[in-house]
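Enquirer: Got a structure here, written out as structure tokens. Questions coming.
The values are calculated or read from the model by the stated rules, or taken from the named source; none is laboratory data. Note that the coordinates shown come from a computational prediction; the quantities given were computed from them, not determined experimentally. Cβ coordinates were reconstructed from backbone atoms using ideal geometry, including for glycine residues, and neighbour counts include every protein chain displayed.
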């Protein structure tokens, strides 16, 4: 019977050429991509010695390091599996391509082989057992780590779209930018976070410091980290929480012991009254700002928005959406949608004079 | 000559008025026509979902881009995911099941033709409901539009308080309605396979495609229903003041996650198992050998069906379950990789010693094999829950599941299209356009989804409408976007092939691929009644037995 | 035309496969069981977690009588199906109508209970977690009872106009599978809500 798939000599050569070229092209592509991606992983480290990136393979803290080590182990094993199966696949595709054939010639019809099938069932089972045991150890090491006596305790509360940080034992309330002490083998100073949420689900992810853990309302969570290097570590919310999920950034400043102590004592102080900014303070009090925001030591104790007592100690505003500059602050208060459309801060629609005054006041909040 | 086929010569039937033809299609209960309706509607939604993807990728091309607003972006990724899973993947697979299962078991139609039609139209209505949200989602306060809660609608984001207007309601209702359609189709498939097989076709002689659709249908019954239950609960919360997922009243957001993923994980196996079916049929025919290890393929599929019901919380590794729960789900997730991996070996075993014909269906199948291997391995990586604490909720996951869905499911679907299009329409698809389609799509796919793993490793979370410039994600995202557009061009080539070949393709005849299952014994396209006389089979490859009477399969089974 | 389209040698005799109605109903029952399971899980999970409102032990009264009604309706429908198989049409009709009456009585009992809960104890679906999960679970079941009663009534009408005979006994068997399922669900719901939950 005539079959559309009948192959003539000329077509057979084409098919052979195509097969070789297809394999080569695939290999070339993959190699190039792998090379390129390796380069880009290296290249992605941002410049500046104190500023770190978000590369999960550049861990700076014990949980992140345990994860990275386990990950390399898993990658090696899966890599070996890949090479073996990829090799078998490529071999079978190349070796067993159909030659020119008469309509009636078919290859030997093999239905199966119990021994082979048993082998390729047992070996994967063993691999899974090994992987599982390695993984279970790391799970317990990270999740069930006991909290030592001197650990820094922070309560992180997720909001749409900012982070509230409280240090209950130190009497500090701040927002969006975390300061924690550096930890070392001779002076361990881990930080333990309790994770809560005021509204929807969020996730705390600073890749170089720890794996992510979610902040879920009515479901307190716990995580810890002990950064071994000082500097700024960045991350962001990783669980979709609404319109401005993308701009709920995290900035963790890991400080040496002196800097951390200085920061703590500065944060513990209430608002420093500055006579030159009294007009701005009046604007703040008269325009319902205190319904949402708190200023330590003043009647303003709103909890709906970030605590502003030490606003000027932060490098960014709006959870990292903008640098903390005069112009940005002004724009943010006047029209938050210009910076972060969908943020829950309303546009205050102040007059220019009032706006300037309140910004000047904000700029005294060190 | 006595034959199972009665062909009516072209030109002897009167051309019908188009209204009549349309009416026939709208009221059909023929499984073949319903199959085509499923497939065509899925292709329409594929194009729409694809446009949504291109919008997403254009916005993410570089940091701080302004192509669309955050609101629109969030709607795009929600609609893209929901459309692709519920209104592309499920319908197209149901469509192929509808078309092929009765033919492969020698039946006249599905067990319940009218239920079949009802299920299709329910499914289609669900799709229309979802897209109507663009118009009707505003509600009284202009507060909503298309849903923007992600395709999982995690609690409490889906609650009235955080999703005002009706956008979430359209999402919920669309899925509820199409879910009932899916349950109808699944029941139909099971009843057809168990009750309408032709004489001689014992369960262990069914083609693998039939087996896999049986397993898939049973999974649908157990997987879709938890989602339906959760949707009903969400509606009770939103409309009757219920507190199922109301954390302020003591409710649990985590409960929604459990219910959703008890659906969500088996769902992805519901999607991939019919694709295993396509691969088993196609690789076998184009290697010119029977499938290697048929009983184990069946056993592995059933095993996957059971084990996959116990892995769901690997989508929840970051939510703070205790270490024992995390360890348990790590173990089960890795375990489900075993029967899945075995199948790859069986397909290699099928090709081994064969005479591989590199027609377009086989090209896509080979692509599937390479890509499904990689997808499975990245899945194993994320099964290790600490690794998932970094990789989860990042672009690594997005890369992984697109590798499965596009690199696996879509490639298998393309193979199925090229393989069965001749049977459905009577014309061959153009091999030349097919090769263009394959290579363009392969290049675009790898450009996008190979590279996409890297931003995940570099800390890029998912579902963000923009990102910071200093993180090293810019160039990678640009390449990903370029790949997306290459894939779009390939899809256009595919659609062009479908349309052009319908009018100009070479005539297929009954059996263009020299295949072995019952559907190739009747004309292309098949007559309305399928088989003039009920076939009777003695082995797994009845046409092999007929073509090789000196060496039939029945001797070896 | 290829040689492969010759007719198949008749190698296997025609055979008996399961009835498609029964298989489909079994499929539906499996699917519905999964839905009920989720609602039962929610109920059990939220036991004792309500912040406000009355507790189960304060307000729930075990509906023993109406439960007996529903469970005996399983017996009557079974007997009805059996009589139809033997073409005892009058007996079938009588038992069938009795089944409907018992089912209707059960629904009346549920309605009565809800009336008492709402008006005497102020427990509604929006009161608390208990209210939400209780009304949803019991309500879902009552919905299925209602759907069943509608189908039973359709059959009753056919019976009253003399159209039910032995050739309908297969379909009646399928319908009675559904009714048995509804009763089995009630056993579970009853245990969870009125026995365990209090």
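Enquirer: Please work out which residue is nearest to the other protein chains (Cβ to nearest Cβ), limiting yourself to the range A:56-81 and to residues that are buried (at least 22 other Cβ atoms within 10 Å of the Cβ) and not in a helix (DSSP H, G or I).
Expert: Among those residues, the one meeting the criterion is A:56.
Enquirer: Within the range A:197-260, which strands (runs of 3 or more DSSP E) (wholly inside it) include 2 or more residues that are free of Cβ contacts under 8 Å to residues at least 60 places away in the same chain?
Expert: In the range A:197-260, the matching strands (runs of 3 or more DSSP E) lie at A:202-205, A:213-215, A:221-225.
Condition check ((1) crowded, with 19+ Cβ neighbours inside 10 Å; (2) facing chain B (nearest Cβ under 10 Å); (3) in contact with a helix residue (DSSP H, G or I) (Cβ under 8 Å, 6 or more places away or on another chain); (4) not in a helix (DSSP H, G or I)) across all residues:
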| position | (1), (2), (3), (4) |
| --- | --- |
| C:47 | no, no, yes, yes |
| C:68 | no, no, no, no |
| C:76 | yes, no, yes, no |
| C:80 | yes, no, yes, no |
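Enquirer: Across the range B:206-218, what is the number of residues that are in a helix (DSSP H, G or I) and more than 10 Å from chain C (Cβ to nearest Cβ)?
Expert: 9
Enquirer: Turning to a different aspect of this structure: Can you tell me how many residues in the range C:136-168 are assigned to a helix (DSSP H, G or I) and farther than 29 Å from residue B:237 by Cβ?
Expert: Quick first cut of the range C:136-168, residues assigned to a helix (DSSP H, G or I) only: C:136-160, C:166-168.
Of the ones still in play, those that are also farther than 29 Å from residue B:237 by Cβ are C:151-160, C:166-168.
The total comes to 13.
Enquirer: Next question, about the same structure. Residues to consider are A:207, A:217, A:306; find the one that is closer than 18 Å to residue A:155 by Cβ, at pLDDT 95 or above and either within 14 Å of chain B (Cβ to nearest Cβ) or surrounded by fewer than 18 Cβ atoms within 10 Å (Cβ to Cβ) (or both).
Expert: A:217 is the lone residue from the list that is closer than 18 Å to residue A:155 by Cβ, at pLDDT 95 or above and either within 14 Å of chain B (Cβ to nearest Cβ) or surrounded by fewer than 18 Cβ atoms within 10 Å (Cβ to Cβ) (or both).
Enquirer: Test residue C:113 against the stated conditions and say whether it is more than 14 Å from every other protein chain (Cβ to nearest Cβ), out of contact with any strand residue (DSSP E or B) (no Cβ under 8 Å at 6 or more places or on another chain) and part of a loop (DSSP other than H, G, I, E, B). Step through it out loud before you land on a result.
Expert: Details: more than 14 Å from every other protein chain (Cβ to nearest Cβ): yes; out of contact with any strand residue (DSSP E or B) (no Cβ under 8 Å at 6 or more places or on another chain): yes; part of a loop (DSSP other than H, G, I, E, B): no.
In short, no.
Enquirer: Let me ask you something else. Collect the residues in the range C:112-135 that are within 17 Å of residue C:192 (Cβ to Cβ) and surrounded by fewer than 17 Cβ atoms within 10 Å (Cβ to Cβ), keeping them in residue-number order.
Expert: C:113
Enquirer: Out of curiosity, is residue B:277 more than 13 Å from chain C (Cβ to nearest Cβ) and in a helix (DSSP H, G or I)?
Expert: Here the answer is yes, as residue B:277 does meet what is asked.
Enquirer: Filtering the range B:516-532 down to residues that are over 19 Å from residue B:196 (Cα atoms) and surrounded by fewer than 21 Cβ atoms within 10 Å (Cβ to Cβ), which residue is nearest to the other protein chains (Cβ to nearest Cβ)?
Expert: B:523
Enquirer: Go through the residues of the range B:100-119 one by one and say whether even a single one is more than 30 Å from residue B:199 (Cα to Cα) and either within 14 Å of chain C (Cβ to nearest Cβ) or buried (at least 24 other Cβ atoms within 10 Å of the Cβ) (or both).
Expert: Scanning the range B:100-119 turns up no residue that is more than 30 Å from residue B:199 (Cα to Cα) and either within 14 Å of chain C (Cβ to nearest Cβ) or buried (at least 24 other Cβ atoms within 10 Å of the Cβ) (or both).
Enquirer: Moving to a separate point now. Considering only the range B:361-461, give the helices (runs of 4 or more DSSP H) lying wholly within it that have at least 2 residues that are farther than 22 Å from residue A:238 by Cβ and either touching a strand residue (DSSP E or B) at 6+ places or on another chain (Cβ under 6 Å) or within 11 Å of another protein chain (Cβ to nearest Cβ) (or both).
Expert: By residue number, B:431-449.
Enquirer: For the range B:339-360, give me each residue that is more than 23 Å from the chain's Cα centre (by Cα), facing chain A (nearest Cβ under 8 Å) and over 24 Å from residue B:441 (Cα atoms).
Expert: Result: B:349, B:352, B:353, B:354, B:355.
Enquirer: Now for a separate question. Could you figure out which of (1) touching a strand residue (DSSP E or B) at 6+ places or on another chain (Cβ under 6 Å); (2) modelled with pLDDT under 95 isn't true of residue A:269?
Expert: (1)
Enquirer: Moving on to the next point. Tell me which residues, restricted to the range B:281-297, are touching a helix residue (DSSP H, G or I) at 6+ places or on another chain (Cβ under 6 Å) and more than 20 Å from residue B:519 (Cβ to Cβ).
Expert: B:292, B:293, B:296
Enquirer: Hey, could you check the range B:177-205 for residues that are under 18 Å from the mean Cα position of the chain (by Cα) and more than 8 Å from chain C (Cβ to nearest Cβ) and say which is surrounded by the fewest Cβ atoms within 10 Å (Cβ to Cβ)?
Expert: B:180
Enquirer: In the set B:268, B:285, B:302, B:298, which member is part of a helix (DSSP H, G or I) and farther than 18 Å from residue B:210 by Cβ?
Expert: Residue meeting the stated conditions: B:268.
Enquirer: Do you know which residues across the range C:18-45 are crowded, with 19+ Cβ neighbours inside 10 Å, within 22 Å of residue B:246 (Cβ to Cβ) and facing chain B (nearest Cβ under 7 Å)?
Expert: Those that are crowded, with 19+ Cβ neighbours inside 10 Å, within 22 Å of residue B:246 (Cβ to Cβ) and facing chain B (nearest Cβ under 7 Å): C:35, C:38, C:39, C:42.
Enquirer: Could you pull out every one of the strands (runs of 3 or more DSSP E) wholly within the range A:124-177 that has 1 or more residues that are more than 9 Å from chain B (Cβ to nearest Cβ) and free of Cβ contacts under 8 Å to residues at least 40 places away in the same chain? Give the derivation first.
Expert: Values: elements: A:152-159, A:162-167, A:172-175.
So the answer is A:162-167.
One line per residue, one yes/no per condition, for (1) assigned to a helix (DSSP H, G or I); (2) touching a residue at least 40 places away in the same chain (Cβ under 8 Å); (3) closer than 15 Å to residue B:175 by Cα:
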site: B:220; (1), (2), (3): yes, yes, yes
site: B:233; (1), (2), (3): yes, no, yes
site: B:242; (1), (2), (3): no, no, no
site: B:255; (1), (2), (3): yes, yes, no
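Enquirer: Still on this structure: So which residues in the range B:538-557 are without any contact (Cβ under 8 Å) to a residue 24 or more places away in the chain and part of a loop (DSSP other than H, G, I, E, B), if there are any at all?
Expert: Result: B:548, B:549, B:550, B:551, B:552, B:556.
Enquirer: Right, something else. Of all residues in the range A:238-271 being away from chain B (no Cβ under 14 Å) and buried (at least 18 other Cβ atoms within 10 Å of the Cβ), which is farthest from the chain's Cα centre (by Cα)?
Expert: Initial filter on the range A:238-271 (away from chain B (no Cβ under 14 Å)): A:253-271.
Adding the requirement that they be buried (at least 18 other Cβ atoms within 10 Å of the Cβ) leaves A:253-255, A:260, A:263, A:267, A:271.
Working: A:253: 15, A:254: 17, A:255: 20, A:260: 24, A:263: 25, A:267: 26, A:271: 33 Å.
Taking the candidates together, the pick is A:271.
Enquirer: To continue, here is another question. State yes or no: is residue C:171 assigned to a loop (DSSP other than H, G, I, E, B) and surrounded by fewer than 21 Cβ atoms within 10 Å (Cβ to Cβ)?
Expert: Against the criterion (assigned to a loop (DSSP other than H, G, I, E, B) and surrounded by fewer than 21 Cβ atoms within 10 Å (Cβ to Cβ)), residue C:171 does not qualify.
Enquirer: Every residue in the range B:305-323 that is closer than 17 Å to residue B:212 by Cβ and surrounded by 24 or more Cβ atoms within 10 Å (Cβ to Cβ), please.
Expert: Hit for the range B:305-323 is B:308, nothing else.
Enquirer: Does residue B:485 qualify as being out of contact with any strand residue (DSSP E or B) (no Cβ under 9 Å at 6 or more places or on another chain) and surrounded by fewer than 19 Cβ atoms within 10 Å (Cβ to Cβ)?
Expert: yes
Enquirer: What is the number of the single condition among (1) within 11 Å of chain C (Cβ to nearest Cβ); (2) in contact with a helix residue (DSSP H, G or I) (Cβ under 9 Å, 6 or more places away or on another chain); (3) surrounded by fewer than 22 Cβ atoms within 10 Å (Cβ to Cβ) that residue B:510 does not meet?
Expert: (3)
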